[in-house]
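Step one of this worksheet: look at the structure below.
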Amino acid sequence: MNRRIAVPERLAQRVTATFGDAGRRWVAEVPDVAAAVADRWALRLGDPFPEGTHALVLPAVRPDGARAVLKLPLRDGENDAEAFALRAYDGDGAVRLYGHDPATGAMLIEQAEPGDPLLTHPDMAAAFAIACGLVLRLRRPAPPGFAFPSMRSLLAGWVAQWTQLALELRVTGDPDRAAPLTAALRLARRQLRHYREAGVLINRDTHLRNIVAAGREPWLVIDPKPVVGPPAYEAGLPVLLMLGAEPTPDAADAVIEQVAAGLRHDPAEVRDWALLRAVENMTWNRGGSGSQTGFQAVSARQAAVLMRRYDADPWALPGPDTRRKTEMADVERRRSWPPPANSVTGSRHEVRR
Ligand SMILES: Nc1ncnc2c1ncn2[C@@H]1O[C@H](COP(=O)(O)OP(=O)(O)OP(=O)(O)O)[C@@H](O)[C@H]1O
Ligand SMILES: [Mg+2]
């Protein structure tokens, strides 16, 4: 019999800040889910790992004494695919999936031990090489039987959301935010126009906390967020992580070269996907609480640096079909140009909501 699990305070705060009422509900209910699943799989549970962002993750011991990890995610439409990706990897460069309960999203996973994140590696160049090796190794044909999220539908969603946002920014007259958004919108539309699905399973969340020290292999990937789409998309996240919170154009050029070499892509393509990812992050969870503004502000700075190599006209919306007549008439009626001075100054380093 396990004692009742307490959700770590920081996890509770993060989930509530991001998901509001749904987050509060999850924090209240997840200890019961943990107890029920542990009963069903006859697990002895340990104390939760402190690092979880949207999931309660606990060490667990199986009836045969084998050590495992129980992961109970706050289901957001994206993480349902995690179990199917782990199954597709089948232990090859990633932790193994032992069990999955589709009703709750609970996963029982091989425990990587000692489990230290690759982020703590003393040699960052070596860590980067290890991470690139794993990213390349995990790419494989998407297995049949599960509809993984597709890059095509992600792109279509971005085009719809960003077009709307670009139109709104015309109204408020905020060129600093509009310029990267417009550049990314143009890229997303081009990607969508030329899209050919190659059926490759890629991971949109390979960062150095999601690669941990293990026994049967030195390092294993945990926590995959799979997408079926173009492999170069995977290059966007490492560029942004290496660019950090105070990006500069020179640093961006250097990082893009490094990631392109490590993941064997064309640097121009890497820049495209890095800008798309930065704008995706910048516009993530727009309806959510203010706690995301730090992340969104950093993403906006990264987007502003990355877009310098693209057409910088913030108001040139791509494609005539984005300018639906009624919307544009409405926009033109309300638009003030030139924009008021206070909407230009001060907006470079913060995302206004
Ligand atoms: N299989 C595992 N072996 C060892 N440690 C693990 C394992 N799975 C998770 N952990 C530990 O728990 C932490 C949180 O797990 P994980 O990364 O899966 O959750 P998360 O980041 O909250 O997930 P998500 O991004 O889905 O919200 C990890 O950073 C790691 O320290
Ligand atoms: Mg993680």
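Here the chain carries DSSP beta bridges of which approximately 95% are antiparallel, counting only pairs with both residues inside. For the set 162, 284, the ranking by accessible area, highest first and with no ligand, DNA or RNA atoms included, is 284, 162 under a 1.4 Å probe. Summed over all non-identical Cα pairs, the Kirkwood treatment of the chain gives a radius of 21.8 Å.
Only helices enter this figure: runs of n ≥ 4 DSSP H residues, each worth -39500 (n - 2.57), summed and divided by the residues of the chain, yield -15500 deg cm²/dmol at 222 nm to the nearest 500.
Along the charge dipole of the stretch 108-267, Cβ charges K/R +1 and D/E -1, which of 249, 129, 227 sits furthest on the positive end? Looking along the dipole axis, the top candidate is 227. Here the stretch 9-111 is assigned +1 on the Cβ of each Lys and Arg and -1 on the Cβ of each Asp and Glu. Its dipole about the Cα centre then comes out at about 180 debye. A simple charge model with +1 on the Cβ of Lys and Arg, -1 on the Cβ of Asp and Glu and nothing else charged puts the dipole of the chain at about 840 debye relative to its Cα centre. Springs join every pair of Cα atoms under 10 Å in this Gaussian network model of the chain, and among 141, 267, 224 the largest mean-square fluctuation is at 141.
Based on C-alpha pairs under 8 angstrom that are at least 6 apart in sequence, the stretch 219-301 has a relative contact order of 32 percent. Stretched out straight at 0.36 nm per residue, the stretch from residue 126 to residue 316 would grow longer than its current Cα-Cα span by 64.1 nm.
Surface composition of the chain: carbon and sulfur atoms hold 55% of the protein heavy-atom accessible area at a 1.4 Å probe.
The values are calculated or read from the model by the stated rules, or taken from the named source; none is laboratory data. The structure displayed is predicted, hence computed values, not measured ones. Virtual Cβ from ideal backbone geometry, glycine too; neighbours counted across all protein chains shown. Ligands, DNA and RNA are excluded from the accessible area calculation, which covers all protein heavy atoms including side chains. Shrake-Rupley method; radii C 1.70, N 1.55, O 1.52, S 1.80 Å.
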